[in-house]
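The values are calculated or read from the model by the stated rules, or taken from the named source; none is laboratory data. On a predicted model such as this, the values are computed, not experimentally measured, just so you know. For the accessible areas, the whole protein counts, side chains as well, though only heavy atoms, and no ligand, DNA or RNA atoms are used. Shrake-Rupley method; radii C 1.70, N 1.55, O 1.52, S 1.80 Å.
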Amino acid sequence: MKIENTYPGAQRGCLITAPRGKARSGSVDHVKALLTTGALAAILWLWVTLAGPEDPSGEATGGTPEPLASSPVLMQWDPLPTLVPTPQGGLVRTAPPPSVKRKGASPPPAGSGLRVVQSLPPPRVIQVPVPSNQRPAAVTRSSR
Amino acid sequence: MLEISFRAMGCWMKAMVDSDSPHAAAALRAVPRWFASWERRLSRFREDSELNRLNHRPGRWIRVSLPLWEVLQLALWAARWSDGRVIPTILPALEMAGYDRSFEKVPMGRYRSGSEDRPLGLDAWRLIRLNPETRSVFLPDGARLDLGGIAKGWAADQAVRHLKAYGPALVDAGGDIAVSGPMANGEPWPIGVADPRPRGRASFGQPALLGILRISSGGVATSGRDVRRWRHGGEERHHLIDPRTGRPAQTDVLTATVVAPTVVEAEVAAKVVFLLGSREGLAWLETHPELAGLVVREDGMVLASSRWSMDLFKS
């Protein structure tokens, strides 16, 4: 089965670039920006992991739930604005590239430099190898 | 083989179906919603759960949903089967121990030490009344319910029962594991048994294992004090309460793993073995031919009941 890619924007995102052929005068700030981006991504991943699935609607039918239609991909990553060096040696953000605005979404504050993630992806079904004694299907352990 | 992982009931969950069909994939995508629906009814950590609404209304007949009805029946069966060791009216003791919220939110050192007597209401499970004609429950005054492991085991059994229509299925509910039958190739499911000892060998990304169980049906569960524990006043505390004292059980068992016809039975039996201690717990297992168990003692010794066949368990 094809593995779904629920982050259609992830591969298109261009986080930070440096102009070609120039000395990397802002390399320290470049690294800091990369680390900040990675930290934000980690925080969002934790939020997705801990928030849990959306609540199904309707009354439970006494332990006989019906499989529901899968929900569409809801999340879209918007690329961060590009950092470019200034003549004074610092880095400034350019205006972010245009992106598709989801219906009903409110724009971020001006000058924030970041797009707000509107919603989170559901857990994914993935294809895995058949379990074996070298790779057990699951591990029984105390609750954690 | 398809798999989905998600978080529910305070644990990591995993559901697997040995099939590549789109119908199996669609069923797996529904599993998180099933657990969310059950958690909304059965969790004591949600103020608006059906369980909490029942807890807040003792002394009257309350009609309940079928999931809560089924889990409550299992909880009362467990209390009788375990001779009062695994009881649903344990909530006052859990709260006294500081476990009044989802475990990851419990601050260390939360246990309130002191001279508290055994909390009231622990024995009230004997006075709970059920009316199957109206599916109603009567909680006596002082009875407050926590369905914890029973609810988790029930959910795993339910999920596997629904998934098996799409192929051989396995559900791992935070370490309580249910399987519907052998895998599609006819082989039993290989289930790792975690090694709780501090110096257990581990490979990258995988817990250290005592060995691999091979089971074709039923369930396996592990109870232990190797994870949910903390220190207070120089004493170790953990979340497995002995109803007879109302305090964390004093036992030489670090973890107890039991294989049974269903996950609920495995869950209850694992707790019983833990509470009884290694010697009495293994003796109790010998009186139940449908069960097999493995005990890891705090001194590192690993013991197995006579029905824990080494053909099924390879380290």
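Below, the figures for the structure above:
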quantity: Net lengthening on full extension, B:Asn55/B:Ala26 (0.36 nm per residue, minus Cα-Cα); calculated: 6.9 nm
quantity: Area hidden from solvent between B and A (accessible, protein heavy atoms only, 1.4 Å, total, Å²); calculated: 4300
quantity: Distant-in-sequence amide H partners of B:Arg247 (H built 1.01 Å from N, under 5 Å); calculated: B:Asp242
quantity: Global form of chain B, assessed from the alpha-carbon gyration tensor, a/c cut-off 1.5; calculated: oblate
quantity: Separation of alpha-carbon centers, the range B:120-189 and the range B:41-70, rounded to whole Å; calculated: 15
quantity: Span-like helix ranges in chain B, DSSP H, alpha carbon extent 20 angstrom or more, Kyte mean at least 0.0; calculated: B:66-81
quantity: Amide H contacts under 5 Å for B:Leu254, placed H, 5+ residues apart; calculated: B:Val296, B:Arg297, B:Glu298
quantity: Burial of 30 Å² or greater, the range B:145-188 residues [accessible area, probe 1.4 Å, versus chain by itself]; calculated: B:His162, B:Gly174, B:Gly175
quantity: Solvent exposure ordering (accessible area, 1.4 Å, most first) of B:Asp146, B:Asp252; calculated: B:Asp252, B:Asp146
